[in-house]
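The values are calculated or read from the model by the stated rules, or taken from the named source; none is laboratory data. No experiment lies behind these values; they were computed from the predicted model shown. Don't worry about glycine lacking a Cβ; one is built from the backbone with ideal geometry, like all the others, and counts go over all protein chains shown.
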């Protein structure tokens, strides 16, 4: 997986994405908190999307979003608890920063 750096100025929320992440028992505040995690990992994903692996309290959240026409604005497509593979990758990356 290719790690990238991005600048997020604003996350775009609407009824659709709020309801969609709610089906995964995630709320917008958790997504926003996970993006500010000092160990958050930003990865290039398919279809010009960005996947973010980050911690929100005691949860490890995986968020997929895409950048809009206005630079720095991102639309959240989905968010859910990290898979086992994503948790292992996140912890390995976090360990690199803890050394």
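Checking residue 19 against (1) closer than 18 Å to residue 86 by Cβ; (2) in a helix (DSSP H, G or I), only one condition comes out false. Which one?
Status for residue 19: all satisfied but (1).
Looking at residue 61, is it touching a helix residue (DSSP H, G or I) at 6+ places or on another chain (Cβ under 6 Å) and either surrounded by 14 or more Cβ atoms within 10 Å (Cβ to Cβ) or assigned to a strand (DSSP E or B) (or both)?
yes
Look at region 79-99 and say how many of its residues are in a loop (DSSP other than H, G, I, E, B) and at pLDDT 95 or above.
Result for region 79-99: 2.
What pairs can you find where one residue is in region 29-43 and touching a residue at least 24 places away in the same chain (Cβ under 8 Å), the other is surrounded by fewer than 19 Cβ atoms within 10 Å (Cβ to Cβ) and part of a helix (DSSP H, G or I), and their Cβ atoms are less than 6 Å apart, with a gap of 6+ or different chains?
Here the result reads 39/94; 39/97; 41/93, each pair linking region 29-43 to a residue that is surrounded by fewer than 19 Cβ atoms within 10 Å (Cβ to Cβ) and part of a helix (DSSP H, G or I).
Just one of (1) in contact with a helix residue (DSSP H, G or I) (Cβ under 7 Å, 6 or more places away or on another chain); (2) part of a loop (DSSP other than H, G, I, E, B) trips up residue 47, so point out which.
With (1) in contact with a helix residue (DSSP H, G or I) (Cβ under 7 Å, 6 or more places away or on another chain); (2) part of a loop (DSSP other than H, G, I, E, B) applied to residue 47, the lone miss is (1).
On the given criteria, is residue 91 at negative phi and touching a strand residue (DSSP E or B) at 6+ places or on another chain (Cβ under 7 Å)?
no
Looking only at region 1-16, how many residues end up being closer than 19 Å to residue 45 by Cα, in contact (Cβ under 8 Å) with a residue 40 or more places away in the chain and part of a loop (DSSP other than H, G, I, E, B)?
Total satisfying the criteria: 6.
So which residues in region 64-78 are free of Cβ contacts under 8 Å to residues at least 24 places away in the same chain and in a strand (DSSP E or B), if there are any at all?
Within region 64-78, 64, 66 qualify.
Taking residue 42 and the conditions (1) assigned to a loop (DSSP other than H, G, I, E, B); (2) at negative phi; (3) modelled with pLDDT of 95 or more, which numbered condition does it fall short on, given that it satisfies the others?
(1)
Which ones in region 1-16 are closer than 24 Å to residue 85 by Cβ and within 14 Å of the chain's Cα centre (by Cα)? Walk me through how you get there before you give the answer.
The first filter runs over region 1-16 and keeps only residues closer than 24 Å to residue 85 by Cβ, leaving 1-6.
Passing the criteria: 3, 4, 5, 6.
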